[in-house]
Amino acid sequence: MKPLDQDKKNLLDLEGEKMETPKLIDENGKRLDGRAIDELRPIGIKARVLNNADGSAFIRWGKNKILVAVYGPRECIPKHEASPYKAQLRCRYTMTPFCSLEEHGKAGPSRRSLELSKIISETFEKIVIAENFPKTAIDVYIDVLQSDGGTRCAAVTATSVALADAGIPLKDMVAAVAVGKIENKIVLDLSKDEDNYGQSDNPIAMSIRDEQILLYQMDGLLTKEEVEKGLELATDAIKKIAKLQLEALQEAYLPTHDKFLDMNIEQKKI
Amino acid sequence: MEIQREINSELIKNLLKQAKRADGRGKLQYREINIDVGVIPNAEGSALCRIGNTQVLAAIKIGLATPFPDKPDEGILSTNAEFTPIGASHFEPGPPPVEAVELARVVDRGIRSSNIVDLKSLKIENSEFVKAIYVDLWIMDHDGNLFDASTLAAVAALKNTFLPKIEDNKVVYTSREEKLQTYATPISCTFGKIDEYIILDPTFGEEMAIEGMITITTSDQYVCAVQKSKGAGFSKKEILELVDISMQKAKELRQMLKI
């Protein structure tokens, strides 16, 4: 089997790109953006940033900026999708046409965004206590306003906050992070460049208390030991991210909280 | 919804007859306005505009496109408004509703007629392509007066747009060269009418109650776009008065918001 990075390089050549794979980890063990291999990008979360939505959250994760709104439980339309036993949880992940440092995107859902919508909905399927609201729908809308790798993990993290803000009963909180392999090392929280030129990308979402892996995808080639190392690295990071989620929810109840979007909210190194 | 609308409408009408509004504003007073620019660094230009609880994001992307056959020397300006389901409980995923199309077209007319951008400057020498400016209006929180919030966001974003380098008929997005030159600051003012009462900057509740609506976009001493909507009519005298008020308000907003 040919190594995957060779394949990726050939693909880039075919597309006429004149890019060479940059050195992703330097001799001091630092990554392109100066992070250590087990270091997260800075993260900021603000809950309740919208007036109309029943619950909302904005997350600024590295250069990613994602807005999540929750509506519901509300009447389920179309009616044939309603269940007599529980609320339908419907998450919709959208890349805005201006979110990437590339050309203007096309309207309408792509194959990628349809897949992500499905797996994000499933991430929360057993977390939301949907049995409390039969025949209704809980709609979660995720707009990626700016993307720089790891948007699905940031989206899952913000969705958990937005659902809690909407007062939807949850069995647990959920946070997510990606781990990956670059320069033959397992690293935490891949950036866009690391994902593009790296060897493997593994987005992982986990419930906080009982540590169930609710979303897990991967590509590339990893040994069983590398899979295990990745899962360990993700677990530690997810516990730290959960603290930020909690702080964001607590802040939303302070009298100083305003219900407005601040796209440049403070980010924390954790 | 209909019942709610009727109760609301009666309440708003009764208040107006006593020269009052539900939020305590004067008839011709804006809500608090705030603009943040450069909020989406991946877009070549961007601005988040807030009028009261209404929040609209405008993002500018630059691309290459084939010019229109009748205007081979001009670049392309394309405005789109998205009622993302995030923005209100009645916004649904899918193709844009007529209101979104109307909004995009009114904003487009205002910025296009004011000549805020010189479309001829978007021509690329020795190329079959021209530069295209895509303006996306993302309605994230709808509490009325989307016209004014969207025009403000679009103008602020255009005025903070950087043109990327063009090399061999390709856009190099990672390399931004110069600021997009702008030559005007169009500002729109939207008025609602109930009976003989006219109010500026209607909230979502007021928009449900009002019977006539008019948006007047002005750029210095010129009127550059108008949209009369909803059923009730305006007299000639009223329209001329509203043009005066729009020009005065636009002047105040340009100073206050420094755009």
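The values are calculated or read from the model by the stated rules, or taken from the named source; none is laboratory data. Given the structure is predicted, the values throughout are model-derived calculations rather than measurements. Note: ideal-geometry Cβ built from the backbone for every residue, glycine included; neighbour counts use all protein chains shown.
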Query - Residue list for segment B:128-155, restricted to those being more than 10 Å from every other protein chain (Cβ to nearest Cβ) and in contact with a Lys or Arg (Cβ under 7 Å, 6 or more places away or on another chain) - result: B:Val130
Requested in this report: Would you point out the residue of segment A:34-52, among those that are among the small types (Gly, Ala, Ser) and either assigned to a strand (DSSP E or B) or within 14 Å of chain B (Cβ to nearest Cβ) (or both), that is nearest to A:Lys269 (Cα to Cα)?
Outcome: A:Gly44
Requested in this report: Considering every residue within segment B:111-130, establish whether at least one is outside any helix (DSSP H, G or I), closer than 16 Å to B:Thr79 by Cα and of a type in the set (A, V, I, L, M).
Outcome: yes
Query raised in the report: What number goes with the only condition from (1) more than 12 Å from chain A (Cβ to nearest Cβ); (2) surrounded by fewer than 16 Cβ atoms within 10 Å (Cβ to Cβ) that B:Val106 does not pass?
Result: (2)
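To keep it simple, each residue is scored yes or no on (1) free of Cβ contacts under 8 Å to residues at least 12 places away in the same chain; (2) touching a Lys or Arg at 6+ places or on another chain (Cβ under 7 Å); (3) surrounded by 20 or more Cβ atoms within 10 Å (Cβ to Cβ); (4) of a type in the set (S, T, N, Q).
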position: B:Thr182; (1), (2), (3), (4): no, yes, no, yes
position: B:Pro202; (1), (2), (3), (4): no, no, yes, no
position: B:Glu211; (1), (2), (3), (4): no, yes, no, no
position: B:Asp244; (1), (2), (3), (4): yes, no, no, no
Query - Single unsatisfied condition, A:Lys86 versus (1) touching a helix residue (DSSP H, G or I) at 6+ places or on another chain (Cβ under 8 Å); (2) part of a helix (DSSP H, G or I); (3) more than 14 Å from chain B (Cβ to nearest Cβ); (4) not acidic (Asp, Glu) - result: (2)
Query raised in the report: For segment A:152-184, what are the residues that are among the polar types (S, T, N, Q) and surrounded by fewer than 24 Cβ atoms within 10 Å (Cβ to Cβ)?
Result: A:Asn184
Query raised in the report: Can you find even one residue in segment A:58-73 that is in a strand (DSSP E or B), closer than 23 Å to B:Pro96 by Cα, more than 10 Å from chain B (Cβ to nearest Cβ) and at pLDDT 95 or above?
Result: yes
Query raised in the report: Of all residues in segment A:91-143, how many are of a type outside the set (D, E, K, R), within 14 Å of chain B (Cβ to nearest Cβ) and surrounded by 14 or more Cβ atoms within 10 Å (Cβ to Cβ)?
Result: 22
Report summary line: Over segment B:58-89, the set of residues facing another protein chain (nearest Cβ under 7 Å) and outside any loop (DSSP other than H, G, I, E, B) is B:Ala59, B:Lys61, B:Gly63
Requested in this report: Name the one entry in B:Ile216, B:Ile210 that is within 14 Å of the chain's Cα centre (by Cα) and over 18 Å from B:Ala81 (Cβ atoms).
Outcome: B:Ile216
Query raised in the report: When residues of segment B:3-57 are filtered for being within 14 Å of chain A (Cβ to nearest Cβ), farther than 24 Å from B:Ser188 by Cα and surrounded by fewer than 15 Cβ atoms within 10 Å (Cβ to Cβ), how many remain?
Result: 1
Query - Cβ-Cβ under 7 Å pairs, at least 6 apart or on other chains, segment A:106-121 side within 21 Å of A:Ala175 (Cα to Cα), far side in a helix (DSSP H, G or I) - result: A:Leu116/A:Arg152; A:Ile120/A:Arg152; A:Ile120/A:Ala155; A:Ile120/A:Val156; A:Ile120/A:Thr159
Query raised in the report: Given the conditions (1) in contact (Cβ under 8 Å) with a residue 60 or more places away in the chain; (2) away from chain B (no Cβ under 14 Å); (3) over 17 Å from the mean Cα position of the chain (by Cα); (4) surrounded by 15 or more Cβ atoms within 10 Å (Cβ to Cβ), and given that A:Lys229 satisfies all but one, which numbered condition is not satisfied?
Result: (1)
Requested in this report: Answer yes if at least one residue in segment A:169-178 is part of a strand (DSSP E or B) and closer than 24 Å to A:Gly29 by Cα, and no otherwise.
Outcome: yes
Query raised in the report: When segment A:99-114 is examined, which residues are found to be in a loop (DSSP other than H, G, I, E, B) and small (Gly, Ala, Ser)?
Result: A:Ser100, A:Gly105, A:Ala107, A:Gly108, A:Ser110
Query - Count of residues meeting criterion [away from every other protein chain (no Cβ under 14 Å) and either crowded, with 17+ Cβ neighbours inside 10 Å or not polar (S, T, N, Q) (or both)] in segment A:232-270 - result: 27
